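The structure appears right after this line, and notes come after that.
The values are calculated or read from the model by the stated rules, or taken from the named source; none is laboratory data. As the structure is a prediction and not an experimental result, all values here were calculated from the model. Methodologically, a virtual Cβ is constructed for each residue, glycine included, from the backbone with ideal geometry; neighbour enumeration extends over all protein chains shown. Accessible surface areas use protein heavy atoms only, side chains included; no ligands, DNA or RNA. Shrake-Rupley method; radii C 1.70, N 1.55, O 1.52, S 1.80 Å.
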Amino acid sequence: MRTTVNREYAARFLGVALLFVAFAGWFVYDGKVGYPQENARVAPVAERLAARTVAEKMPAADWVNTAKTGVAPLTEAFREAGLEPPAKLEDTFNSWVSASDPRMNDVEATRAAMLEPPHSADDIRAQFVSAVIGLLAAFGLAGLVAWRWGTVFALDGEALTVTVFGKARRLPLATLRAVDDAQWAKRGILRVRFEAGAVTLDAWHHAGVRPMAERLLGAAPKPDESPKP
């Protein structure tokens, strides 16, 4: 009898790996295209509003005040230009007001905040870092599946042979010393100890482990048996 990689295990792990690749692509797009384009769209509008801030002496508290029309002047100004106000700018002004920060009434601080791009250089750099992390995670998961695929267990009447990418190790059943089935019933994990070392069989990683485990459990020395020389 011989094991093969468990298709369900492989499909799930490779599916998650593909999801990480998709996330990485999205992060790269945002860092390379999305964020710079949004900065470019917002910049001319923000410059006009910054100039208006100084000319009309409108601090942040006035830009987010909804008392007159029910809509903040900041929102109205950006919508007139065909854009939604940057969430970063709205959050900054609203946080100043809610915390009674002195900057809420400071025209120069308001002007400076207006000119800050929605996405800073650090924000853009973070997208590329996230993409690298996503790709590393994808490669890691794919590597695990490849390792399981390249590892094959074969059991005949005389030995358990473990082959890892073509390199075989034969463990005679005569040298079997113990079989630990503490996690077999719940998790499908069987630890088998031979004189030459231990082997872990996992039914989640490999199909064909269960009939093999039955043979090994039957061949395991009983507690009152002396180990074979």
Query raised in the report: Out of Ala178, Ala185, Ala219, Ala174, which single residue is loosely packed, with under 15 Cβ neighbours inside 10 Å, more than 41 Å from the chain's Cα centre (by Cα) and modelled with pLDDT under 95?
Result: Ala174
Query - Enumeration of residues in the stretch 30-64 that are open to solvent by 70 Å² or more (accessible area, probe 1.4 Å) and not in a helix (DSSP H, G or I) - result: Glu56, Lys57
Query raised in the report: In the list Thr75, Thr69, which residue meets the criterion of being polar (S, T, N, Q) and open to solvent by less than 20 Å² (accessible area, probe 1.4 Å)?
Result: Thr75
Query raised in the report: Can you find a residue in the stretch 163-171 that is within 30 Å of Val64 (Cβ to Cβ) and open to solvent by 70 Å² or more (accessible area, probe 1.4 Å)?
Result: no
**Report entry** Criterion (without any contact (Cβ under 8 Å) to a residue 40 or more places away in the chain, within 22 Å of the chain's Cα centre (by Cα) and more than 30 Å from Leu201 (Cβ to Cβ)) met by exactly one of Ala40, Ala22
**Finding:** Ala22
Requested in this report: Can you work out which of the residues in the stretch 108-123 that are assigned to a helix (DSSP H, G or I) and open to solvent by less than 40 Å² (accessible area, probe 1.4 Å) is nearest to Val45 (Cα to Cα)?
Outcome: Met114
Query - Of the criteria (1) open to solvent by 40 Å² or more (accessible area, probe 1.4 Å); (2) in contact with a Gly (Cβ under 6 Å, 6 or more places away or on another chain); (3) among the hydrophobic types (A, V, I, L, M, F, W, C), which one Phe27 fails - result: (2)
Requested in this report: Grab the strands (runs of 3 or more DSSP E) fully contained in the stretch 132-229, keeping just those with 3 or more residues being in contact (Cβ under 8 Å) with a residue 24 or more places away in the chain and under 30 Å from Phe20 (Cβ atoms).
Outcome: 151-155
Query raised in the report: Within the stretch 188-216, can you find the residues that are under 34 Å from the mean Cα position of the chain (by Cα), open to solvent by 40 Å² or more (accessible area, probe 1.4 Å) and over 15 Å from Arg148 (Cα atoms)?
Result: Arg191, Ala198, Arg210
Query raised in the report: Does Asp156 satisfy the condition of being more than 19 Å from Glu8 (Cβ to Cβ) and touching a Leu at 6+ places or on another chain (Cβ under 7 Å)?
Result: no
Report task. Answer yes or no as to whether Leu74 is within 17 Å of Glu116 (Cα to Cα), touching a helix residue (DSSP H, G or I) at 6+ places or on another chain (Cβ under 8 Å) and in a helix (DSSP H, G or I). Result -> yes
Report summary line: Subset of the stretch 78-90, residues assigned to a loop (DSSP other than H, G, I, E, B) and open to solvent by 30 Å² or more (accessible area, probe 1.4 Å), comes to Ala81, Gly82, Leu83, Glu84
Query raised in the report: Is there any pair with a first residue in the stretch 68-94 that is closer than 14 Å to Ala50 by Cβ and a second that is not in a helix (DSSP H, G or I) whose Cβ atoms are under 7 Å apart and which are 6 or more apart or on different chains, and what are they?
Result: Leu74/Val64; Leu74/Pro85; Phe78/Glu84; Phe78/Pro85; Pro86/Pro118; Phe93/Val64
Report summary line: Screening Val54, Val16, Val64, Val5 for residues that are under 30 Å from Leu144 (Cα atoms), in contact (Cβ under 8 Å) with a residue 12 or more places away in the chain and over 23 Å from the mean Cα position of the chain (by Cα) leaves only Val5
